[in-house]
Amino acid sequence: MAQTPPVAILCGGRGTRLQEHTSTIPKALVEIGGLPILWHVIRLYAHAGCTRFVLCTGYLGEQIEAFVEGQEWPEGVEISCVDTGADTPTGGRLRAAAAHLDGGPSFCATYADGVADVDLRRLLEFHAAHDGAATMTVVRPELQFGVTELDGGDRVTGFHEKPRSEHWINGGFFVFDRAVLDRLGPDQVLEREPLEGLAADGQLRAFRHEGFWDCMDTYKDAVLLNDLWASGAPPWRTWS
């Protein structure tokens, strides 16, 4: 496989919906199985052959730097931390880290709070094969609640426990051409004007992922992911 692009990981947010943990540590350091979720995300990309990582830090970023410096990483992996500001939105964080994302025509970007068994090599191949400037992995998450099935009136015909959504959502795991950086303003949220503009211009493609995906957004999510890790066969552990 050709040299893989650098990977920008957005890990500067405050994680306000996970305050059970994030009052004293950044969300990226909330643990799954005794290791921060950031470690799991890096291992996913390292397993796909990625070696250069740029961590876009902010809130309590010094803790992330200390973790990176004290951890043993797979051979060849290089990690740098870029302080992108405590309250900078996601698009602004990527813009602030632009100088560290050189070395090729494209770069990967993802969040520090989502894990999946997505095939990142296939994602990179998919991006290289189309003529758009951006690729976004999309997923259909499990609904939080079970669904009650009705017959068209008021008769209940059955139940469906936590089905998958019929709609695709942003699952992270992006690939961007470097030209996308020119679309990012310092105060922009990546998921709003930049992605909406790319979509309007026909430059955004969707890479469908049908496998496992979860985001550590709440305390309940953290418990679920830790339980999956404790089972001995967490679905996102693609590395040996």
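Can you order the peptides 59-66, 47-54 by their average number of other Cβ atoms within 10 Å per residue, highest first? Display every interim value, and only then the final one.
On the way: 59-66: 17.9, 47-54: 19.5.
Taking the mean over residues of other Cβ atoms within 10 Å, the ranking is 47-54, 59-66.
Could you work out the local net charge near VAL189, counting Lys and Arg as +1, Asp and Glu as -1, over the other residues with Cβ closer than 14 Å to its Cβ?
Values: positive: ARG93, ARG95, ARG183, ARG192; negative: ASP87, ASP187, GLU191, GLU193, GLU196.
Spelling it out: positives minus negatives among the neighbours equals -1.
Efficiency by 1/(1 + (r/R0)^6): what FRET value for THR238 and GLN3, r their Cβ-Cβ distance, R0 = 22 Å, to the nearest 0.05? Plugging the Cβ-Cβ distance into 1/(1 + (r/R0)^6) gives 0.60. Placing dummy labels 7 Å off each Cα toward the beta-carbon, the span from TRP73 to LEU224 is 2.9 nm.
The string of couplings for the stretch 110-121 from the Karplus curve (6.51, -1.76, 1.60, θ = phi - 60°) is 7, 9, 8, 10, x, 10, 7, 9, 4, 7, 5, 5 Hz, one whole number per residue in order, with x for Gly and Pro. Using a simple spin-label model with pseudo-atoms 7 Å out from Cα toward Cβ, GLU210 and ASP119 lie 1.1 nm apart. Taking each residue as 0.36 nm, the span from ALA98 to ALA200 lengthens on full extension beyond its C-alpha to C-alpha distance by 34.4 nm.
Would you mind putting 125-137, 168-180 in packing order, based on average other-beta-carbon counts within 10 Å, highest first? Mind dumping the intermediate values first?
Details: 125-137: 17.2, 168-180: 20.5.
Descending packing order for the listed peptides: 168-180, 125-137.
For ILE9, neighbours were defined as the other residues whose beta-carbon sits under 11 Å from its Cβ, and their charges (Lys and Arg +1, Asp and Glu -1) total 0.
Helix-only estimate, please: 222 nm mean residue ellipticity of the chain, summing -39500 (n - 2.57) across DSSP H runs of length 4 or more and dividing by its residues, to the nearest 500.
Values: 7 runs with 62 residues, N = 240.
Per the formula, -7000 deg cm²/dmol.
Near ILE64, within a Cβ-to-Cβ distance under 15 Å, what is the net charge of the other residues, with Lys and Arg +1 and Asp and Glu -1? Please list the in-between numbers first.
On the way: positive: ARG14, LYS27, ARG93; negative: GLU31, GLU62, GLU65, GLU69, ASP83, ASP113.
So the surrounding residues net to -3.
Rolled with a 1.4 Å probe across the full set of protein chains, the surface gives TRP229 an accessible area near 50 Å².
What FRET efficiency comes out for GLU62 versus ASP187 if R0 is 22 angstrom and r is the Cβ-Cβ distance? Round to the nearest 0.05. The partial results should precede the final answer.
Numbers: r = 24 Å, r/R0 = 1.08.
Rounded to the nearest 0.05, the efficiency is 0.40.
Amide hydrogen proximity for PHE173: with H placed 1.01 Å from N in the peptide plane, the residues at 5 or more positions away or on another chain lying under 5 Å are TYR111. Solvent-accessible area per residue in the stretch 81-194 equals 53 Å², computed with a 1.4 angstrom probe and all protein chains kept. Averaged over residues, the count of other Cβ atoms within 10 Å places the peptides 6-14, 38-46 in the sequence 6-14, 38-46, highest first. In the elastic network of the chain, a GNM with C-alpha springs shorter than 10 Å, the most mobile of THR88, THR157, THR218 is THR157. With all protein chains in place and a 1.4 Å probe, the accessible surface of the stretch 102-240 carries 50 percent carbon and sulfur.
The values are calculated or read from the model by the stated rules, or taken from the named source; none is laboratory data. Bear in mind that the values here come from a model prediction, so they are computed numbers and not experimental data. Glycine gets a Cβ as well: all are built from the backbone with ideal geometry, and neighbour counts include every protein chain shown. Heavy atoms of the whole protein, side chains included, go into the accessibility calculation; ligands, DNA and RNA do not. Shrake-Rupley method; radii C 1.70, N 1.55, O 1.52, S 1.80 Å.
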